[in-house]
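Student: First, the structure itself, so that you have it in front of you.
Where a number appears in this text, it was derived from the coordinates with a stated rule and is not lab data. In this text, all values refer to a predicted model and were calculated from it rather than measured experimentally. With ideal geometry, Cβ positions are generated from the backbone for all residues, glycine too; neighbour counts draw on all protein chains shown.
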Amino acid sequence: MADLLKIAIAAAMINNVVLSQFLGLCPFIGVSKKTKTAAGMGAAVIFVITIASALTHIVYYQILDRLNIEYLETIVFILLIAALVQFVEMVLKKMSPPLYSALGVYLPLITTNCAVLGVAITNISDSYTFVQSVVNGLGTAIGFTIAIVILAGLREKMEYNDVPESFKGTPIILLTAGLMAMAFSGFAGLL
Amino acid sequence: MNNNVQIIKERLFNGIIKENPTFVMMLGMCPTLAVTTSCINGIGMGLTTTVVLTLSNMLISLMRNIIPEKVRVPSFIVVVASFVTLVQFMLEAYLPSLNDALGIYIPLIVVNCIILGRAESYASKNPVIPSIFDGVGMGLGFTVGLGALGAFREILGAGSIFGIYIFPESLEPIRLIGLAPGAFFVLAFLVAAQNKIKASRKEKGEVVVEACTSDCGSCKTCIDRVKSVIASDKEEFAKVASKEAEKKEEN
């Protein structure tokens with residue numbers, strides 16, 4: 001149990017997926033204008049990454065490993081994730097329209113989110129067990145959500161600030177992200 | 001033949017200078033931030049991407065008339081992923097130190113938007129030779145960008161270049177630039193400088209290539225897709241709502 005908690009905290013805080021590993025930067029910058037949409041994106045990412053971690057783990061050890069075709073990892077994982085996102089989209093549409101209307105728009109954007117593939121590959125390269133993989137996926141996704149919601153909150157406040165002309169838009173967001181990364185590097189002593 | 005040479009030159013110029021993926025188009029930000037801790041890593045990542053980009057552009061251009069329109073993107077992804085796997089094996093075998101330094105970012109070349117972007121916007125519409133050189137040009141442009149950023153961060157952050165120490169001992173390097181926050185800061189100033197240059201060029205009335213502002217919504221392919229999703233959803237929700245309303249009326 002302590003072992004799982006360690007993995008979750010390390011994934012969410014210490015090796016934060018955006019701020020220290022630079023994965024999933026596009027949605028981090030693109031969908032962080034309002035706290036509400038940022039939270040929606042975060043929820044969609046938690047949903048997809050957790051399922052993807054479980055699924056890729058099963059496929060790797062039950063199919064690829066048994067047939068000795070581990071080298072197809074990258075190809076299989078990316079197709080699996082693309083198919084999974086489509087599938088989740090369809091299931092949500094049928095089963096839970098309110099949840100779909102909240103997350104739906106973000107789902108197609110997640111296919112190209114490198115965090116999903118990144119987590120799946122890390123799970124395999126660190127040889128995590130099934131439970132550890134799911135926990136690592138969940139932790140990573142929670143870390144992403146924390147980061148994007150904080151950034152969205154800061155950006156809402158920044159609307160009223162007088163930013164120099166050349167720094168408007170992406171540069172000031174990147175500067176903010178840099179300051180957040182500095183704050184998050186303080187978690188390094190946590191474990 | 002002369003015509004071909006002209007196209008090749010134009011493609012190389014376009015990739016390295018006019019539409020430079022790092023400095024002008026701002027594409028592939030994840031690897032740009034992650035691997036530019038040193039100049040050699042930046043160049044290694046750039047060249048790896050160049051190889052994948054050239055090969056995938058070539059194959060996609062060869063198959064451009066066979067691939068059905070509807071399964072275009074998945075087929076591109078499979079082609080790119082296969083080449084990434086091949087290149088990863090080559091690196092593991094011949095350059096293990098670079099492979100260790102780049103780590104997870106090598107398989108992640110698959111989701112680098114430069115590669116899918118070039119496949120979609122150039123290779124799937126043009127003959128083989130221009131597509132190959134489009135890949136070479138774009139790849140070298142990316143290499144130049146990553147190499148320059150890597151050199152900048154290595155000199156300021158570690159006081160060395162290619163691992164050779166160049167700072168006088170009394171001068172302490174700014175360690176922060178080499179760490180994660182530094183990556184964000186350097187990129188922020190790069191984009192700001194680019195905004196400044198673009199603004200002054202716009203005032204002069206020159207045509208400016210618009211960058212992908214790291215805002216997924218600004219990319220044309222993404223925005224079209226999202227729009228179509230939203231449109232189809234609205235229709236379906238309207239249908240569901242009207243059906244429910246009918247049921248209520250019946251009751």
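Student: Only Cα pairs under 8 Å and at least 6 apart count here; give the relative contact order of chain A as a rounded whole percent. Show your work: numbers first, answer last.
Tutor: Values: 199 pairs, mean separation 84.6, N = 191.
For chain A, the relative contact order is 44 percent.
Student: Can you give me the Cα centroid spacing of the range B:6-81 and the range A:118-189 in angstrom?
Tutor: After rounding, the separation between the Cα centres reads 26 Å.
Student: Same structure again: Would you please give the residues with an amide H less than 5 Å from that of B:I161, counting only those at least 5 places away or on a separate chain, with H modeled from the backbone geometry?
Tutor: Those qualifying (amide H under 5 Å, at least 5 residues apart or on another chain) are B:I166.
Student: Set Lys and Arg Cβ to +1 and Asp and Glu Cβ to -1, take the dipole of the protein assembly as shown about its Cα centre, and tell me which of A:S127, B:P168, B:P31 lies farthest positive.
Tutor: B:P31
Student: Express the relative contact order of the range B:87-170 as a whole percentage, based on alpha carbon pairs under 8 Å and six or more residues apart in sequence.
Tutor: Relative CO of the range B:87-170 lands at 11 percent.
Student: What average count of beta carbons from other chains do you get within 10 Å of the Cβ of residues in B:176-187?
Tutor: The per-residue average across the peptide is 6.
Student: Helix-only estimate, please: 222 nm mean residue ellipticity of chain B, summing -39500 (n - 2.57) across DSSP H runs of length 4 or more and dividing by its residues, to the nearest 500.
Tutor: -22500 deg cm²/dmol
Student: Ordered by residue, what ³J(HN,Hα) values in Hz, to whole numbers, does the range B:156-161 give under the Karplus form 6.51 cos²θ - 1.76 cosθ + 1.60, where θ = phi - 60° and Gly and Pro are x?
Tutor: Per-residue couplings from phi come out as 6, x, 10, x, 9, 9 Hz.
Student: With a length cut of 20 Å (Cα positions projected on each helix's long axis) and a Kyte-Doolittle mean of at least -0.5, go through chain A and give me the DSSP H helices that pass. Could you put the intermediate results ahead of the total?
Tutor: Values: long enough: A:35-59 (35 Å, 1.54); A:73-95 (31 Å, 1.72); A:130-158 (42 Å, 1.26); A:170-184 (21 Å, 1.93).
Span-like helices, by this rule, are A:35-59, A:73-95, A:130-158, A:170-184.
Student: Let me ask something else about it. Average partner chain C-beta neighbours within 10 Å, per residue of A:23-30?
Tutor: Mean shielding by partner chains, rounded to a whole number: 6.
Student: Students often forget the sequence filter, so: which aspartates and glutamates lie under 16 Å Cα-Cα from A:K6 once same-chain residues fewer than 8 apart are removed?
Tutor: A:D126
Student: Across the residues of A:71-78, average count of Cβ atoms on other protein chains within 10 Å?
Tutor: Mean partner-chain Cβ count within 10 Å for A:71-78: 6.
Student: Under 8 Å for C-alpha pairs, at least 6 residues apart: give me the relative contact order for the range B:2-203, rounded to a whole percent. Kindly include the intermediate steps, with their values, before the conclusion.
Tutor: Values: 275 pairs, mean separation 73.2, N = 202.
Value for the range B:2-203: 36 percent.
Student: Debye calculation, C-alpha points only, no solvent: report log10 I(q)/I(0) for chain A at q = 0.12, 0.16, 0.20 Å⁻¹, in the same order as the q values.
Tutor: Normalising to I(0) and taking log10 leaves -0.61, -1.01, -1.36.
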